[in-house]
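Structure first, commentary second.
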Amino acid sequence: MAKKQIKKVVLAYSGGLDTSAIIPWLKENYPGCEVIAFAADIGQGEEELIGLREKALKTGASECYIADLKEAFIADYVFPTITTGAVYEGQYLLGTSMARPIIAKAQVELALKIGADALCHGCTGKGNDQVRFEGTFAALAPELTVIAPWREWDMVSREDLLAYLAARDIKTSASATKIYSRDANAWHISHEGGELEDPWCEPCKQVWTLTCDPEDAPNQAERVMLSFEQGKLIAVNGETLSPYAAVMKLNSIAAPHGVGRIDIVENRLVGMKSRGCYETPGGTVIVAAYKALETLVLDKAALKYREQIGLEFSHVMYDGRWFTPLNDALLAGAASFAQKVTGDIVVKLYKGQATVVQRRSPNSLYSEDFATFGADDVYDQSHAEGFIRLYSLSSRIATLNQKARGLKEAGKA
């Protein structure tokens, strides 16, 4: 089938093996097409960005744009997600998922600005990211053509890509021996591939790159205080910090204690399961602190509903539905609850664990006068009898009716 004529395409570019091969592939398979590389700085580390523009140009791109999205990523995507309480399948803090909408949105904005007629990504046809990118493309610029090379070309392995680049004398730092696929940003780093493809195989020490092995972590616990105002983290250990700076500060504090490691098998959106290892040191501390503060300021009904929001939002985020009415509604609901989430939380870090040990808030619903096990003048325990009688009234009626029916039937026998 003949390919559509494309004049200018903006490629989501990382400089890794896949996107390094995509640039020459686009030029060969879409004759006359100008390739513009786009990279997003979302806190993956300076070493990932050094020389990136030069590499893209050498590979055949006519230009490479690098957008600094670090602060916006944490402030506008990560922190709002925290307020929903979203944790995918009980463990995953959605580090990769949260990064995709801001990258794809910036990619679309660049494409529209420079008059491109197509967008391209390097996501495989087996993964979640293709849905996340293309869901954003569809929501923001449905008129642009989407090119997904992994769904078009006949290359199927890392070795195929290396051979493709070697045949065109294009140098790459990737090699057949680099067995792990990693994705990093300010919030986390993910690891897939290698021995992790066997769920019976324990990850070796080489898998982990951000956190200390809990077995090797300090024998002395460290405490860190997080201060929130209306759901936003505003200070760490009393130091006022921007959202991005706060996350980076907590990463540096928590990582040496081995905090934030998980090894999970998750359900991908496309139907298959995958095994991955994730490191989210600062994020693990923030989520633990935020949830602890919620328990102090939200009543039972409010917390129950917020938990329902979190469960639903974890799938909205994971499944790439950020730019949807459902996303907006869930975030609005979470933001309403977050208005009460103000106060300080102290978290103890020790051997891979982040344990909340102190909590206070001007909005606290906890009252020592009511909760005490000692004598008090504010709660008459005899009043509980009437409450329990009404609370269990339906059960009482059901059982009495059942017994009455039994006696009636026995009388007929």
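The values are calculated or read from the model by the stated rules, or taken from the named source; none is laboratory data. Only a predicted model underlies this, so the values are computations on that prediction, with no experimental measurement involved. Cβ: placed from backbone, ideal geometry, glycine included. Neighbour counts: every protein chain shown. The protein model used for the area step is the full one, side chains on, heavy atoms only, and it has no ligands, DNA or RNA in it. Shrake-Rupley method; radii C 1.70, N 1.55, O 1.52, S 1.80 Å.
To one decimal place, what Kirkwood hydrodynamic radius in Å is obtained for the chain from all pairs of distinct Cα atoms?
With all distinct Cα pairs of the chain included, I get 24.2 Å.
Determine the distance separating the Cα centre of the range 321-361 from the Cα centre of the range 292-314; give it in Å without decimals.
After rounding, the separation between the Cα centres reads 9 Å.
Provide Rg and Dmax in Å for the range 242-283, with only Cα atoms included in the calculation.
13.7, 38
At 1.4 Å probe size, with every protein chain present, just tell me what the per residue accessible area of the chain comes to in Å².
51 Å²
With a/c under 1.5 counting as rounded, go ahead and sort the range 114-251 into rounded, prolate or oblate using the C-alpha gyration tensor (a ≥ b ≥ c being the square roots of the eigenvalues; past the cut-off, prolate if a/b is larger than b/c, else oblate).
Oblate, because a/c is 1.5 or more while a/b does not exceed b/c.
From the Cα gyration tensor of the range 265-309, with a ≥ b ≥ c the square roots of its eigenvalues, which class applies: rounded if a/c is under 1.5, or else prolate if a/b is larger than b/c, or else oblate?
Here the range 265-309 falls in the oblate category.
Would you mind putting 275-283, 338-346 in packing order, based on average other-beta-carbon counts within 10 Å, highest first?
275-283, 338-346
What is the sum of charges, Lys and Arg at +1 and Asp and Glu at -1, for the other residues whose Cβ falls under 12 Å from the Cβ of A167?
Once positives and negatives cancel, what remains is -2.
For the chain, list the DSSP H helices whose alpha carbon atoms reach 24 Å or more along the long axis and whose average Kyte-Doolittle value is 0.5 or above?
Length and hydropathy pass: 95-114, 281-297.
Per-residue counts of other Cβ atoms within 10 Å, averaged by peptide: what ranking do you get for 26-38, 389-401, 229-241, highest first?
Ranked from most to least packed, the peptides come out as 26-38, 229-241, 389-401.
If you bin the C-alpha pair distances of the range 228-320 every 5 Å from 0, what whole percents do you get?
All Cα pairs considered, the percentages come to 3, 11, 16, 19, 19, 18, 11, 3, 1, 0.
Would you kindly calculate the translational diffusion coefficient of the range 61-112, applying Stokes-Einstein with the Kirkwood radius from alpha carbon pairs, for 4 °C and a viscosity of 1.567 mPa s, and quote it in µm² s⁻¹ without decimals?
For these conditions, the coefficient is 104 µm²/s.
For each pair in K3/K126; K55/K105; K3/K70, compute the distance between the two Cα atoms and list the pairs where it is over 28 Å.
K3/K70
So what is log10(I(q)/I(0)) for the range 264-413 at q = 0.12, 0.14, 0.19 1/Å, when the Debye sum runs over its Cα atoms only?
Rounded to two decimals, the profile gives -0.83, -0.96, -1.26.
With a/c under 1.5 counting as rounded, go ahead and sort the range 101-159 into rounded, prolate or oblate using the C-alpha gyration tensor (a ≥ b ≥ c being the square roots of the eigenvalues; past the cut-off, prolate if a/b is larger than b/c, else oblate).
prolate
Listed here are the pairs K4/K171; K7/K27; K205/K351; which of them are more than 18 Å apart at the Cα?
Checking Cα-Cα distances, K4/K171 exceed 18 Å.
Return the Cα extents of the range 1-133 along principal axes one, two and three, sorted largest first, each rounded to a whole Å.
48, 35, 27
For A138 and E159 in one chain, what is 0.36 nm times their gap in residues minus the Cα-Cα distance, to one decimal in nm?
Answer, rounded to one decimal: 4.3 nm.
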